[in-house]
Amino acid sequence: MVVIEVDPHKSSHTAAVLDSDTHSTLGTVRVDATLVEYRRLLTWARRFGERRWAVENARGLGRHLAQWLIARGETVVDVPPTATARVRELSRGGRRKNDVLDAAAAAAGVAALRGDTAPVAAEDATTMLAMLDERRGNLTQQRTRTVNQLHALLRDLLPGGVSTDLTADRACAALTGIRPASPVERARKEFARELITDIRALDARLKANTQRMRDAVADSGSSLTDIVGVGPMVAARLLGRTGRASRFPTSAAFAVYAGVAPIEIASANKARHRLSREGDRKLNNALHTIALTQIRMPDSRGRSYYDRKTAEGKTHNEAMRCLKRRLADHVWRLMLADKHGKRAREDIRVRL
């Protein structure tokens, strides 16, 4: 068994073959980031027989190569850039790279042999949900900027401007009564009409994006929407940002990834827990939305759990952290149960 470590770049990839027993380098190659060069790389790798690919940042810059290899039956593991930097620091005493061998690729191979890797699977429906969620976020930001620009123009066209709760229809009604008295005002009114057209187009795209999310979540067969506070949008974010729930060995690992595992701080024989600012912040936001929704509903389990924590003397923020941590456990187990069928989902509901 050999490990083929790959250090991906935007325009080229450097690969080095590492013997799993001796950790010695058996060969290196540098290819361009093209399909023709991908095939040359795979042909070169086949001479070494049984192999495993270790691609640095296989969910980022190395995604395309990793998925291309998986589609051709190759075994690929993801080596996080932090692991390669750590190995390079410990093995060489510095962060410098060797231009001949490319030390980052060698470090990735060593990290793979030490087990500091994660298997890479073929992209599935969760990848599409992640793309839809990211697209929705971009459209929302673009719409907010456009509305702000329109609000500023209407402030200059109308005494006192308009209310902050601005829609395309309300802006159009406000423009109807404006009679420009100068070329500048005519230009402002014309720009305002263009912005209204942009807002309506963005609203249509957001509506279409929402429907695609609903359909994708329904097609996935996920039961996350059975949780109080989880609609199609939140479910799409949970599924898209998590990917395969089975890649997390425990619920605690998932909580750390989502940034909802409180961090213990000990000093002067006193210990407390503070909010974690690490992890996937969008996944954290989804869990925060669920928690807020549940504590606003008197009959929900989340509100009952929140009330128990506040009765124990915890502050609002501390009780929210506890609730988000518990929700992370429930969400992770439910996503795992969805992969094992109806009986597993029923067992989860009974236990939680």
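No lab work stands behind these numbers, since they all come straight from the coordinates. Only a predicted model underlies this, so the values are computations on that prediction, with no experimental measurement involved. With ideal geometry, Cβ positions are generated from the backbone for all residues, glycine too; neighbour counts draw on all protein chains shown.
Here are the numbers for this structure:
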{"item": "Integer Hz, Karplus 6.51/-1.76/1.60 couplings in order for the range 222-227, x for Gly and Pro", "result": "6, 9, 4, 5, 6, 6"}
{"item": "Sequence-distant residues sharing a close amide H with His273 (under 5 Å, placed H)", "result": "Ile265"}
{"item": "The chain: relative contact order in percent, alpha carbon pairs under 8 Å with at least 6 residues between", "result": "11 percent"}
{"item": "About the Cα centre, charge dipole magnitude for the chain (Lys/Arg +1, Asp/Glu -1 at Cβ), debye", "result": "740 debye"}
{"item": "Nearest 10 degrees, 0 to 90: helix 316-338 Cα axis against the chain principal axis", "result": "60 degrees"}
{"item": "Dipole-positive endmost among Trp332, Leu41, Leu150 within the chain (Cβ charges, Cα centre)", "result": "Leu150"}
{"item": "Built amide H within the under 5 Å cut-off of Ala54, gap 5+", "result": "Ile4, Glu5, Val6, Val77"}
{"item": "Hz values of 3J(HN,Hα) by residue in the range 48-55 - Karplus curve (6.51, -1.76, 1.60), Gly and Pro given as x", "result": "8, x, 5, 8, 9, 9, 10, 9"}
{"item": "Among Ser12, Ala122, Ala218 - extreme Cα towards positive end, dipole of the chain, charges at beta-carbon", "result": "Ala218"}
{"item": "Tensor-based shape of the range 219-313 (alpha-carbon gyration tensor, a/c under 1.5 rounded, otherwise prolate or oblate)", "result": "oblate"}
{"item": "Shape call, the range 129-218: gyration tensor on alpha carbons, a/c limit 1.5", "result": "prolate"}
{"item": "Karplus 3J(HN,Hα) series, Hz, for the range 134-147 with 6.51 cos²θ - 1.76 cosθ + 1.60 (x for Gly, Pro)", "result": "5, 4, 5, x, 5, 5, 5, 5, 5, 5, 4, 4, 5, 5"}
{"item": "Using a Förster distance of 41 Å, the FRET efficiency for Asp32-Thr250 (Cβ separation, nearest 0.05)", "result": "0.50"}
{"item": "Sites Glu185 and Asp215, calculated FRET efficiency, Cβ-Cβ separation with R0 35 Å, nearest 0.05", "result": "0.15"}
{"item": "Added length on full extension, which subtracts the Cα-Cα distance from 0.36 nm per residue, Glu194 to Leu206", "result": "2.5 nm"}
{"item": "Rough spin-label spacing in nm, given labels placed 7 Å along Cα→Cβ, for Ala118 and Ser24", "result": "3.5 nm"}
{"item": "Local electrostatic count, Arg40, Cβ distance below 15 Å [Lys/Arg +1, Asp/Glu -1]", "result": "+2"}
{"item": "Degrees between helix 35-45 axis and first principal axis of the chain (Cα, 0 to 90, nearest 10)", "result": "30 degrees"}
{"item": "Theoretical FRET efficiency, 1/(1+(r/R0)^6), r = Cβ-Cβ of Asn138 and Asp165, R0 22 Å, to 0.05", "result": "0.45"}
{"item": "The range 1-54 versus the range 133-151: alpha-carbon centroid distance in Å", "result": "43 Å"}
{"item": "Listed residues Gly27, Gly60, Gly49, most fluctuating in the chain (Gaussian network, C-alpha, under 10 Å)", "result": "Gly49"}
{"item": "Within the chain, longest stretch free of exposed GluC sites (Glu not before Pro) [DSSP loop, at most 14 other beta carbons within 10 Å]", "result": "51-277"}
{"item": "Entry for mean projected area of the Cα convex hull in nm² (calculated from the structure that is shown) out of [x] 18.2; [y] 16.1; [z] 27.1", "result": "[z]"}
{"item": "Mean Cβ neighbour count within 10 Å, used as a protection proxy, ranking 29-36, 324-331 highest first", "result": "324-331, 29-36"}
